[in-house]
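**Student:** Here's a structure for you.
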Amino acid sequence: MTANVARRYYPRLSELVTLQDLPAYLQFIQTGANAVFSNLHYKNLQYSKSPKGDAAFYSLDLVSSQKLSVPIPGGMELVLNPDYDVNISSIPISIQYQWGILAYLTNFNLKGFDFSVQSMYKLGLQVFRITDEELIGHTLTQLVKPVNEAKRYVQLVNDLNAKYGTNILAPNDENESLKELVSRIVTQGNFPVPLPDVIYETYLNDVDQALKILNVESFFSIMMPNGIEAYLKSLIKPSFKASLKLSAALEFPRSILVPVYDQNGNHPTNPALTPNP
């Protein structure tokens with residue numbers, strides 16, 4: 001038996017983890033969490049985090065400020081997770097989470113996402129980082145259906161004017177860049193909603209829910225042949241795992257059991273068995 005163990009300092013858990021550090025979908029534990037974190041300490045910390053921040057793993061021992069024990073008649077104690085530091089209990093835990101959407105949007109708000117077809121469409125644009133120029137280019141090739149042999153860019157302007165009652169002028173130059181075309185549409189159209197919403201309302205929205213879903217799926221089919229809705233839902237769905245290890249031990253008073261070695265580490269009957277200092 002070793003000599004009395006000096007009480008060690010263990011940092012507070014609140015110094016390691018704050019509620020602001022938690023992903024949005026885990027912040028349901030806010031109630032009372034600050035008080036819990038402030039009263040717990042930790043040691044043996046190991047952790048890893050993906051470069052994109054969409055996955056992390058933590059392993060540590062939770063340390064109570066005092067030994068967790070229950071008195072038992074006869075002077076004994078049942079101690080939960082006893083530690084080599086006799087004044088504390090320590091509970092090994094591990095926490096692992098994965099949330100794919102964080103690789104694309106670090107500030108994604110799950111509570112504010114309504115899972116509507118339009119929201120899926122707009123989220124898809126964000127995930128694939130589609131610019132307004134790319135949106136118009138994709139619309140020209142995927143959605144615009146020329147009438148009476150009209151040029152696609154002319155038909156696009158005609159469709160927008162018919163939908164919103166605007167007076168956007170069709171380009172005179174067939175070689176006008178996508179950037180110039182977008183500027184023309186946005187400036188002359190002066191729409192009440194952003195350009196992605198304009199395209200959605202003009203070409204993708206429908207009173208038939210099934211057709212609306214099909215339209216959005218077709219729009220993203222080049223980028224996601226297996227279905228954009230299933231892919232986005234796999235990103236949005238978080239994965240969280242936690243584990244802890246519990247153990248217990250009985251502590252006996254000296255009136256029942258006496259340690260072989262005294263408090264100075266000396267063997268009581270055979271000095272040759274005293275450990276070297």
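The values are calculated or read from the model by the stated rules, or taken from the named source; none is laboratory data. These numbers were taken from a predicted model, which means no experiment stands behind them. Cβ atoms come from the backbone with ideal geometry, glycine included; neighbour counts cover every protein chain shown. We work out accessible area using only protein heavy atoms, side chains counted, and drop any ligands, DNA or RNA first. Shrake-Rupley method; radii C 1.70, N 1.55, O 1.52, S 1.80 Å.
**Student:** Restricting the first residue to region 61-74 and requiring it to be without any contact (Cβ under 8 Å) to a residue 12 or more places away in the chain, which pairs with a second residue that is surrounded by 13 or more Cβ atoms within 10 Å (Cβ to Cβ) meet a Cβ separation below 6 Å and a spacing of at least six or different chains?
**Tutor:** Pairs that qualify, where the first residue is without any contact (Cβ under 8 Å) to a residue 12 or more places away in the chain and the partner is surrounded by 13 or more Cβ atoms within 10 Å (Cβ to Cβ), are V70/L78; P71/E77.
**Student:** Now, a different point. How many residues does region 119-149 contain that are within 30 Å of S48 (Cβ to Cβ) and open to solvent by 30 Å² or more (accessible area, probe 1.4 Å)?
**Tutor:** Number satisfying all stated conditions: 3.
**Student:** Hey, among the residues in region 51-84 that are surrounded by fewer than 16 Cβ atoms within 10 Å (Cβ to Cβ) and either basic (K, R) or under 28 Å from the mean Cα position of the chain (by Cα) (or both), which one's nearest to K241 (Cα to Cα)?
**Tutor:** Restricting to residues being surrounded by fewer than 16 Cβ atoms within 10 Å (Cβ to Cβ) and either basic (K, R) or under 28 Å from the mean Cα position of the chain (by Cα) (or both), the top hit is F57.
**Student:** Of everything in region 165-191, what is loosely packed, with under 15 Cβ neighbours inside 10 Å and either in a loop (DSSP other than H, G, I, E, B) or in contact with a strand residue (DSSP E or B) (Cβ under 8 Å, 6 or more places away or on another chain) (or both)? Give them in sequence order.
**Tutor:** G165, N167, L169, N172, D173, E174, N175, E176, S177, N190
**Student:** Follow-up question, since we're still on this one. Answer with yes or no whether F128 is in contact with a Ser or Thr (Cβ under 7 Å, 6 or more places away or on another chain), of a type in the set (A, V, I, L, M, F, W, C) and touching a residue at least 24 places away in the same chain (Cβ under 8 Å).
**Tutor:** No; evaluated as a whole, the condition is false for this residue.
Table: residues versus (1) touching a helix residue (DSSP H, G or I) at 6+ places or on another chain (Cβ under 8 Å); (2) of a type in the set (A, V, I, L, M, F, W, C).
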residue: N175; (1), (2): no, no
residue: E180; (1), (2): no, no
residue: I185; (1), (2): yes, yes
residue: F219; (1), (2): yes, yes
residue: A230; (1), (2): no, yes
residue: A248; (1), (2): no, yes
residue: P253; (1), (2): no, no
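**Student:** Which count do you get for residues in region 85-118 that are in contact with a strand residue (DSSP E or B) (Cβ under 8 Å, 6 or more places away or on another chain) and open to solvent by 50 Å² or more (accessible area, probe 1.4 Å)?
**Tutor:** 3
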